[in-house]
Amino acid sequence: MHRLRGENAAAALRSLKEIWRNLPPSWTQSDDPCGLPWEGVTCKNSRISALGLSSMGLKGKLSGDIGGLTELRSLDLSYNRDLVGPLTPRLGDLQKLNILILVGCGFSGGIPDELGKLSELSFLALNSNNLTGRIPPSLGNLSKLYWLDLADNQLTGNVPVSTPDTPGLDLLLKAKHFHFNKNQLSGPIPPRLFSPEMVLIHVLFDGNQLNGSIPDTLGLVVTIEVLRLDRNALVGRIPSNLNKLLNINELNLAHNRLTGPLPNLTGMNNLNYVYVLDNCRSTSLDIDQHSYA
């Protein structure tokens, strides 16, 4: 059975070899990716465990054959701008996948719901593509995820949170990075997205079309170091409990429609940068050691 799985995976990789162009020369020198090793292919016990083909100049599409690499732990195809087309739902077949990095490619279409099946995934980076549509609520099933980067795409719709019937991003209690900036997300930032159980460090929502007020539940995530909500259409007052974020070093709320006073930031000794430029504000910072605009 193990040998059969290895043979199936090799056949899957050979199928991808047929549709990808600009392959490394070693891919043409043998039919066995684990025999005479193919560049960028890592094998363990004669089974393909990792593909690391970043910045190779690859051209083509990500076909469903990728789903045959069932022993894959890491898949990195980043910075191959000519890898185009949709992300195949068969990525959800890679049940052992721990790392998925597709940064800086030319992928388009929606993020497959099937990515929510990757229960071992800890690192998911799909940023800087041409992805459209909504953020799948199924990503909330990725309970081991610590890095989620969907930035610099064309994603639309609301930020999904859980309901009694569906998962949502509020369930990602091990996540340290929420990178959703430079998209076209709309609607309010859901208050239930944040909770005191979270360990988020970077919360990036800048450059979207979000409206409504800043949820005061953000003040419950005391691990936050960078909070960027700039360049949206947020309104109302800044929650006073943001001053409980004692680890924060960058707070950017610029280019919104916020009103009212800033919270008292005394005691936030790690805070280096506060940006509030271009808001309908009536006050300014009162702490000399903090730089702001």
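The values are calculated or read from the model by the stated rules, or taken from the named source; none is laboratory data. From a predicted model like this one, the values you see are computed outputs, not experimental measurements. So basically every Cβ, Gly included, is an ideal-geometry build from the backbone, and we count neighbours across all protein chains shown. Accessible surface areas use protein heavy atoms only, side chains included; no ligands, DNA or RNA. Shrake-Rupley method; radii C 1.70, N 1.55, O 1.52, S 1.80 Å.
Below is a table of values for the structure above.
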item	result
Radius ratio Rg over Rh of region 151-191, counting only Cα atoms, Kirkwood formula for Rh	0.98
Cα-derived Rg to Rh of region 26-176, Kirkwood definition	0.98
Cα pair distances exceeding 16 angstrom across region 240-279, given as percent	32 percent
Accessible area per residue, Å², the chain with all protein chains present, probe 1.4 Å	44 Å²
Gained length - Ser240 relative to Thr166, 0.36 nm times residue gap less alpha-carbon distance	23.5 nm
Extended-chain gain in nm, criterion 0.36 nm per residue less alpha-carbon gap, Asp113 and Glu225	37.3 nm
Carbon and sulfur %, accessible surface of the chain computed with the full protein complex present, 1.4 Å	49 percent
Convex hull projection area averaged over all views, the chain, Cα basis, nm²	16.2 nm²
Proximal lysines to Lys61, defined as alpha-carbon separation beneath 25 angstrom and excluding residues fewer than eight positions away on the same chain	Lys17, Lys96, Lys117, Lys182
Theoretical gain in end-to-end length, Glu120 to Lys96 [0.36 nm per residue, Cα-Cα removed]	8.0 nm
Crossing angle, helix 2-19 versus the chain [Cα axis fit, 0-90 degrees, rounded to tens]	80 degrees
Which of Gly57, Val103, Thr259, positive extreme of dipole for the chain (C-beta unit charges)	Gly57
Label point distance in nm, Ser186-Thr28, each placed 7 Å from Cα along Cα→Cβ	4.9 nm
